[in-house]
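See structure below.
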Amino acid sequence: MEQVDARRQKDRRLARICPTMDIENSSSARQGASVFAIVVVFRRLFGCVVFASNLIWITATLSASKSTPNVQPAIGPKSVAAFERACSLMPGGVNSPARAFGAVGGSPLFIERAAGPHLFDLDGRRYLDYIGSWGPMILGHAHPEVVEAIVAATRRGTSYGAPTEAESGLAEQIIEAVPSIERVRLVNSGTEATMSAIRVARGVTGREKIIKFAGNYHGHVDSLLVAAGSSAATLGVPDSPGVTDGATRDTILLSYNDVQGLTETFQQHGQNIAALILEPVVGNMGCVIPTQDFLAAARSLTETAGTVLIFDEVMTGFRVAYGGAQQRFGITPDMTTLGKIVGGGMPLGAYGGRASIMDQVLPAGKIFQAGTLSGNPVAVAAGSTTLRLLKQNPPYEQLERLGNRLAEGLGKAASDAGIEHQVQQVGSMMTLFFNKHPINNWDDADRSDRAKFAQYFWGMIERGIYMPCSQFEALFFSQTHTEAMIDQTIIAASEVLAAIE
C-alpha cells in the first residue's frame, strides 16, 4: 500500500510539472512517467540532460512479457527530456493541444525529421506515419519537388508584402479544381479561412445567425468553438473559457446527419440564418460520413432560405478527391474553405466561392479581410507544386484501394479479438472506433471506449506505427504508403487488439 501511495505521489508531482500528462489513465503513461522521473533526477543531480540520452530504455523491462520481436519502448528518453523542457516554456508543452497526448496519457514523441511515409523521433526511432501532419502530407513527407520549390522560393525572398504572379497561379489551380470556387482569397490557416467565410456570409446576407454541427471543428473561431470536435472533445472543454455568450449567441448548434432537425430549424429561423457551415466528411470527431440525404437537405434548404452554404474542406479538399468532397458527393456549396493540402505542408489556407459573393470582399467590395503574410511566396510555392503533382499523377485510385485494404484488415483484426468496433472510411481518411454502433454524429462518437483506444494507440506506437493520439481524430496516409506497409499495420493492429483487456 505504501508503494502504491508513493507512486501516486510521484505521478502527481509529474502532473504538476506538465498537466497534459494524464498519468492515471494508462499503463503506458506510467511507463513514460518512470522514464520522465529518471530524467528529472539526472537533471537535478548533474544539471545536464546529456545523461538522459544515454539512459537504457527503462520501459523495455516493463514490456518484456511481450514476445513480439519488433516491439519497442513507448517513449524514448530524449523525447521525455524535450517534453520536460517544453512544459517549462509553452502551455502544456505544445503549440497545439492535439499534440499533447492528453487523450491517451503519457509524454508525446518529439519528431526530428520525416521522409516519405515515415517519421523519426529524437531517439532515432522510425514510425510509419498515419497522421501526415494532420492531413497535408498526401504526397509523403519531404517530397523532392516540393522541397525544391520551397528552397527556390526562399532564395528569392521569404515575404514581400506585395502581389506576385505565383499567387494568381495557385488561385487558378484552386478555381479549376474546386467546383464551387469562382474567386478565391489566400490566407494563412484553416481557422482564418473559416473565420473570414463566416464574416463574408454575414456581410452578403445582412443576417447574423449561423448553423454549425456538434463535433464539427472549424478552427478556434469564437463563434464556432461550440461543441467542437478534435482536441476540444478530447480535453473535455467543448466550450472554451474566454468565449463570451455574445460571441456564440447567434450560433445554432445541431446534430450532424439530422435532416429533421435541420429542416425544423430552417422552418423556424430560415429568414435570419446567414450561413450553414459543415465538414462534408467529418475528421474531428473521428471519420464520420454524411448521408446523401443530409447533404442534399443542406443544399436545398439553404438555397430556399437564401442562406450561404459553406463546406469546410480544410481536411477533405484535395484529399478525398482532387476537387474535394463536393466533387466526390456531387453537392456544390456557395463557399468553400481550404487548408492543409492546399499549402503543401506550409501555413496556407484559402476561402472562395461564387463571384457574386467573393466580389463583396475588400477591396472589390466592403467586407474587410486582410493579412500581412497572406499569399506568402514560400507557402504558395509549396501549395502550387503539390496541386500540380496531384493533377499530373492523381493518387486517388491508389489511396482508395489502400484505404479499403486497411479498413478491411483493421475490422477483421478487431473482430478476431472480440472487440466491439466500427471502421469508417472515405478514401485515405479513416477511424477505428471502439464502439459497437455506427457513428453518425457526436452523440454516437462520444460513446466510444476511450480507454481501449489509449491501449491501442500505445500498442501501435510500440510497434512503430504512429496513429492519431485521439479517438476523435481521423487517420491519414499518403501515396508513399505501400501495400506491404498497410499489411504491416494490420499485423501490428492484430497483435495489439488481441492483447486489449
Residue check, residue 341 against (1) crowded, with 24+ Cβ neighbours inside 10 Å; (2) part of a loop (DSSP other than H, G, I, E, B), all met but one. Which one?
(2)
Could you grab the pairs with beta carbons closer than 9 Å, sequence gap of 6+ or different chains, first residue in region 210-234 and farther than 21 Å from residue 439 by Cβ and outside any helix (DSSP H, G or I), second one at pLDDT below 75 and among the charged types (D, E, K, R)?
225/239
Test residue 385 against the stated conditions and say whether it is of a type in the set (Ser, Thr, Tyr), touching a residue at least 60 places away in the same chain (Cβ under 8 Å), outside any helix (DSSP H, G or I) and on the phi < 0 side of the Ramachandran plot.
no
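Do we have residue 444 as over 17 Å from residue 290 (Cα atoms) and within 22 Å of the chain's Cα centre (by Cα) here?
no
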Quick check on this structure: which one of 177, 152 is more than 21 Å from the chain's Cα centre (by Cα) and buried (at least 20 other Cβ atoms within 10 Å of the Cβ)?
177
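If only one of 243, 200 is more than 30 Å from residue 437 (Cα to Cα) and either charged (D, E, K, R) or at pLDDT below 95 (or both), which one is it? Reasoning before the result, please.
Working: 200 fails: either charged (D, E, K, R) or at pLDDT below 95 (or both).
Step by step, each of 243, 200 is checked, and only 243 is more than 30 Å from residue 437 (Cα to Cα) and either charged (D, E, K, R) or at pLDDT below 95 (or both).
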By residue number, the members of region 354-367 that are among the hydrophobic types (A, V, I, L, M, F, W, C), over 16 Å from residue 274 (Cβ atoms) and not in a helix (DSSP H, G or I) are 362, 364
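Here are some residues: 246, 306, 261, 283. Which one is crowded, with 20+ Cβ neighbours inside 10 Å, small (Gly, Ala, Ser) and out of contact with any helix residue (DSSP H, G or I) (no Cβ under 6 Å at 6 or more places or on another chain)? Spell out how you get there, then give the answer.
On the way: 246 fails: crowded, with 20+ Cβ neighbours inside 10 Å; 306 fails: crowded, with 20+ Cβ neighbours inside 10 Å; 261 fails: crowded, with 20+ Cβ neighbours inside 10 Å.
The unique qualifying residue is 283.
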Listed residues 293, 312, 334; which is of a type in the set (D, E, K, R) and out of contact with any strand residue (DSSP E or B) (no Cβ under 9 Å at 6 or more places or on another chain)?
293
Tally of residues being closer than 19 Å to residue 215 by Cα and either outside any loop (DSSP other than H, G, I, E, B) or among the polar types (S, T, N, Q) (or both) across region 298-316
6
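Can you say whether residue 219 is touching a strand residue (DSSP E or B) at 6+ places or on another chain (Cβ under 9 Å), at positive phi and surrounded by fewer than 23 Cβ atoms within 10 Å (Cβ to Cβ), as far as the supplied structure shows? Before you say what the answer is, go through the steps one by one.
Working: touching a strand residue (DSSP E or B) at 6+ places or on another chain (Cβ under 9 Å): yes; at positive phi: yes; surrounded by fewer than 23 Cβ atoms within 10 Å (Cβ to Cβ): yes.
Here the answer is yes, as residue 219 does meet what is asked.
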Could you identify the single residue in 129, 121 that is of a type outside the set (Phe, Trp, Tyr), in contact with a His (Cβ under 7 Å, 6 or more places away or on another chain) and either closer than 13 Å to residue 461 by Cα or free of Cβ contacts under 8 Å to residues at least 12 places away in the same chain (or both)?
129
Scanning region 136-166 residue by residue, those out of contact with any Ser or Thr (no Cβ under 9 Å at 6 or more places or on another chain) and not aliphatic (A, V, I, L, M) turn out to be 144, 154, 155, 156, 157, 158, 160, 163, 164, 165
Across region 340-381, what is the number of residues that are free of Cβ contacts under 8 Å to residues at least 60 places away in the same chain and at positive phi?
0
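The values are calculated or read from the model by the stated rules, or taken from the named source; none is laboratory data. None of the values given here were measured: they were computed from a predicted structure. No Cβ is skipped: glycine too gets one built from the backbone with ideal geometry, and neighbour counts run over all protein chains shown.
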